[in-house]
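The values are calculated or read from the model by the stated rules, or taken from the named source; none is laboratory data. Fair warning: this is a prediction, and the values are worked out from it, not measured in the lab. Here the Cβ positions follow ideal geometry from the backbone for every residue, glycine too, while neighbour counts run over all protein chains shown. Quick note on the areas: whole protein, heavy atoms, side chains included, nothing else; ligands and nucleic acids left out. Shrake-Rupley method; radii C 1.70, N 1.55, O 1.52, S 1.80 Å.
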Amino acid sequence: MDTTVIAMRLKKLDDYLRGLRQMQAIPLDEYMDDDNIQTIVERKLQLAIQVCMDIGSYLIGQLGLTAPDEAENVFAVLGREGVISRDLARRMVGMVRFRNILVHDYLEIDSHIVYNNLAEELSDFDQFSQEVIARFLPGGSSAE
């Protein structure tokens with residue numbers, strides 16, 4: 001397994017999370033009144049989720065696990081196989097569903113839900129990174 005593939009993507013995830021954490025300081029009313037801020041947050045959340053999906057898909061392929069029938073099941077496979085914790089896997093499946101709303105806009109995006117995810121859910125990305133680093137990266141760091 002080429003761990004640089006994982007490390008590069010974790011570095012990108014860290015970059016997105018750094019930007020999102022800066023946005024956490026924005027009060028809800030200011031967030032709701034500014035379409036540009038909403039768009040930035042939505043896009044960075046989408047990309048952060050996509051990076052995790054890409055890492056998950058890479059791990060499934062490299063470990064010879066059964067490929068999921070749908071993209072949202074990447075994390076279900078990883079949880080079932082013990083690659084990540086089952087609780088984290090469940091939460092990450094929810095993130096993929098949220099990403100699908102952002103990407104496909106087949107439902108109207110609820111800015112309150114996006115803001116809540118910004119305020120409350122970034123720690124799931126941290127846990128994903130920590131679990132992947134602990135298992136697959138020698139030295140335990142995503143920085144190259």
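Overview of results
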| read-out | value |
| --- | --- |
| Near pairs, Cβ below 6 angstrom, 6+ apart or cross-chain, from the stretch 67-88 (surrounded by 14 or more Cβ atoms within 10 Å (Cβ to Cβ)) to any residue that is part of a loop (DSSP other than H, G, I, E, B) and not small (Gly, Ala, Ser) | 74/68; 77/65; 77/68; 78/84; 81/65 |
| The stretch 2-23 residues that are open to solvent by 30 Å² or more (accessible area, probe 1.4 Å) and among the hydroxyl-bearing types (Ser, Thr, Tyr), paired with ones that are modelled with pLDDT of 95 or more and in a helix (DSSP H, G or I) (beta carbon under 6 Å, 6 or more apart) | 16/44; 16/47; 16/48 |
| Scan of the stretch 67-106 for residues that are more than 13 Å from the chain's Cα centre (by Cα) and under 16 Å from residue 126 (Cβ atoms), ordered by number | 84, 85, 87 |
| Filter result for the condition that a residue is at pLDDT 95 or above and touching a Ser or Thr at 6+ places or on another chain (Cβ under 9 Å), over 19, 79 | 79 |
